[in-house]
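Comments concern the structure below.
The values are calculated or read from the model by the stated rules, or taken from the named source; none is laboratory data. What you see is a predicted model, and the numbers here were worked out from it, not measured in a lab. All Cβ positions, glycine included, derive from the backbone under ideal geometry; neighbour counts span all protein chains shown.
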Amino acid sequence: MLYSLCIHEKQTAAVWTSINDQLIILVNLTLFPAYCKKGYVFNSGTERCDKCLVGEYKDTEGNDVGCTTCPDDVTTIAEGATAATDCSKGLVYSRK
């Protein structure tokens, strides 16, 4: 009999079996996200997708493109913006 386990928090998976009461690990993998959706950027340190920060947006999917910073006179109102049109004037924001 084969057993499998996926631990989402650690993004690991394992497949194992038991023969004569001995645990034998057949496969032990670290999983990576297939790609980051719009509004998210791949963080190689945590190997997860993080939301773009306030003042940034990402209008494409994938891990090879980072978030784009809004022009100086506009910003986004929340993290995870997905389009340049999410950058708006009239919002109070101080970029440091």
Suppose we filter region 59-77 for residues that are in a loop (DSSP other than H, G, I, E, B) and either within 12 Å of Cys87 (Cβ to Cβ) or among the acidic types (Asp, Glu) (or both); how many remain? 11
Which residue out of Gly55, Gly45 is surrounded by fewer than 15 Cβ atoms within 10 Å (Cβ to Cβ) and at pLDDT 65 or above? Gly45
